[in-house]
Every structure is written in C-alpha cells, then in structure tokens.
Amino acid sequence: ETRTFTLEKLAQISEHTLFVQLFYRKADVLDVIQTVATLDESGQIQSIISKAEFLQTSNIKKTEKQAFELPASFQSIAPVSNPLIKLKNVSLSYGDKEVLRDISWEIRQGEFWQLAGPIGSGKSSLISMIVGDNPKGYGQDITLFGHQKGSGESIWDIKKHIGYFTPSMLAQFKRNDSVEHMIISGLLDSIGLYVKPTDLQLQIAHNWLAVLGESFHAKNFMQLSYGQQRIVMVVRALSKQPPLLILDEPTVGLDDENTALFISMIHAIAR
C-alpha cells in the first residue's frame, strides 16, 4: 500500500521534474524511466540502453544459480518439543500505542511460514518476542521449545534453538573477522570470536566453507560483497543447526543476481 502510494506521487512529480533513479532490481525501475546506464564491478559504465532493452536482458550469471548442497550432517542437534513455538492471546503496547492484540500462533516442526503485513503492523515486534529480544514478552502466555517464557530460562537458552537474521544485523559486524570466525561466532551467539575455537567448531566451519566455495575462502568478512555477506550471515545462523530459522526481510537491498543466489540457498535449507 505504501509502495503504491509512493509510486503514484513520483509519477505526478515526474511531469515537471527530471529523475535519475538508482536501483538494484529490475522490478524497482520506475515507469517514467526511459534510459538505463549500467555499471560493471569496477564502477565503469558498461552500457547505455533503453529501458525496454534493459528489461529484456538477463544479468544473473548461470554459475550463480546452481543449487547449494548443505553439509551431509545437517540436522538439528538440539532436542526440542513440538510445537516449537506457541503464543496464546499475546498483546503488545507502548504507552497508548497498541502494536499487537490477541495474537495466537503455533509453529510446528516441518512447517514453513511467511509473516506478512503492512509497514508498522507489528511483524518485527512479534518476532522480537519470539527470539527473546523484547522484555515485554515476559508475563505473556508464550511457550518456546517446550518451556513457558519466564519459567527460569535465560535468553541464551532460547537463542540456542533459533537461527535469526535481519539485514540490520550487518551494522553490528565491523571487525576484521575471517569468514571462518564469523561462522564459528554463530555457534556461540557472539558478535565476533573472542575465544579459541575447539576442533569441532573448526570442523563445522570448514564443512560450511566447502559448501560456500572458493570465493569465500581465506577472506575477511568485510572484503565480501553485500550479497556474500548475507550468505555468510545465514550460514552463521545455521552453524549451530537450530530447529527454527527466522529471516526478517532478508533480500531487501539485494540486486537480482544476489537475490537469486540467496534464494537458492534458502531452497537448499528448506529441502
């Protein structure tokens, strides 16, 4: 709804204003755009063509569309009950502002859910109560992995069962960590690695690096492209083999090629 409103307003403005639009994905090209200039990886202009020509071209490399194969031992190592998550009549307010009202929801093993709704409808707030980041979850009827919330569990007891990624997390990782250390940090739920990893942790990281391929080897996290960083962050979330994976708008800001790469990995995880 917000997107449609914004596009209508931009169309009105374009009647008397010149537009230069920067975009990542073909689906985002405004109707008023007539000519497209594309840049290559070195920042040089690669082509200047009409929008119609551009929309007919494919900028997704075939080599990047191959399916991921997860490590052979990929299975949950944490024994959990079913349902994984159960919320009953959960509500959330900040002062006079009501965010959620009477939400009842069960997530069971083997299920795939999409949580949809307009901006400001409370999607991220609901997820924050599940992953343990919102203190307002206490005192509510929430059962997480067989334990009633507030019955003595720590936030780390909850997090060890959940792999979680949202693009805003990338801002927290500014250290010059290797990809190997980033993967291992997911086993410890830490931002960066501050302890000497065990042989088992190193083996898990090496198994994942073999899956990711040579372009991720012997590189620091900050050297990777934006899309590659997101792939590593999902691997980091999966490294502890959690029974539940939560992705909060994971492809926002990715171009078509990296979106295809990311989605191929999610399909492998789902399989």
**Item:** Tally, over segment 73-109, of residues that are part of a loop (DSSP other than H, G, I, E, B) and either in contact with a helix residue (DSSP H, G or I) (Cβ under 7 Å, 6 or more places away or on another chain) or at pLDDT below 65 (or both)
**Value:** 7
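Every residue, every condition in (1) out of contact with any Leu (no Cβ under 9 Å at 6 or more places or on another chain); (2) farther than 24 Å from residue 132 by Cβ, yes or no:
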{"residue": "165", "(1), (2)": "no, no"}
{"residue": "195", "(1), (2)": "no, no"}
{"residue": "199", "(1), (2)": "yes, yes"}
{"residue": "202", "(1), (2)": "yes, yes"}
{"residue": "212", "(1), (2)": "yes, yes"}
{"residue": "224", "(1), (2)": "yes, yes"}
{"residue": "242", "(1), (2)": "yes, no"}
**Request:** Kindly state which helices (runs of 4 or more DSSP H) lie completely within segment 144-221 and contain at least 3 residues that are loosely packed, with under 15 Cβ neighbours inside 10 Å.
**Result:** 155-159, 199-212
**Request:** Please find, among 146, 150, 137, 163, the residue that is within 17 Å of the chain's Cα centre (by Cα) and touching a residue at least 12 places away in the same chain (Cβ under 8 Å).
**Result:** 163
**Request:** Quick one: count up the residues across segment 198-237 that are closer than 26 Å to residue 41 by Cα and not hydrophobic (A, V, I, L, M, F, W, C).
**Result:** 13
**Request:** Output the residues belonging to segment 100-116 that are open to solvent by less than 30 Å² (accessible area, probe 1.4 Å) and over 21 Å from the mean Cα position of the chain (by Cα).
**Result:** 100
**Request:** Among the numbered conditions (1) over 14 Å from the mean Cα position of the chain (by Cα); (2) at pLDDT 85 or above; (3) polar (S, T, N, Q), tell me where residue 225 comes up short.
**Result:** (2)
**Asked** Among (1) over 23 Å from residue 25 (Cα atoms); (2) modelled with pLDDT under 85, which single condition is residue 263 missing?
**Response** (1)
**Request:** Quickly run through segment 241-265 and pick out the residues that are within 25 Å of residue 125 (Cβ to Cβ) and assigned to a loop (DSSP other than H, G, I, E, B).
**Result:** 242, 243, 248, 249, 250, 251, 252, 253, 254
**Fill in**
Contact list, first residue from segment 66-93 and closer than 15 Å to residue 149 by Cα and open to solvent by 60 Å² or more (accessible area, probe 1.4 Å), second anywhere and of a type outside the set (A, V, I, L, M) and at pLDDT 75 or above, beta-carbon distance below 8 Å, six or more apart or interchain, is 86/105; 86/106; 86/143; 88/104; 88/141; 89/102; 89/104; 89/141
**Message:** Just checking, does segment 23-31 include any residue being surrounded by fewer than 10 Cβ atoms within 10 Å (Cβ to Cβ), of a type in the set (Gly, Ala, Ser) and closer than 28 Å to residue 261 by Cβ?
**Reply:** yes
**Prompt:** Do you know which residues across segment 117-139 are open to solvent by 30 Å² or more (accessible area, probe 1.4 Å), within 21 Å of residue 244 (Cα to Cα), at pLDDT below 85 and not acidic (Asp, Glu)?
**Reply:** 135, 138
**Prompt:** What do you reckon, is residue 250 at pLDDT 80 or above and either surrounded by fewer than 16 Cβ atoms within 10 Å (Cβ to Cβ) or within 28 Å of residue 144 (Cα to Cα) (or both)?
**Reply:** yes
**Prompt:** Right, residue 268: in a helix (DSSP H, G or I), open to solvent by less than 20 Å² (accessible area, probe 1.4 Å) and at pLDDT 80 or above or not?
**Reply:** yes
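The values are calculated or read from the model by the stated rules, or taken from the named source; none is laboratory data. Given the structure is predicted, the values throughout are model-derived calculations rather than measurements. Every residue, glycine as well, gets a Cβ built from its backbone with ideal geometry; the counts of neighbours run over all protein chains shown. Accessible surface is based on the protein model in full, side chains and every heavy atom, while ligands, DNA and RNA are left aside. Shrake-Rupley method; radii C 1.70, N 1.55, O 1.52, S 1.80 Å.
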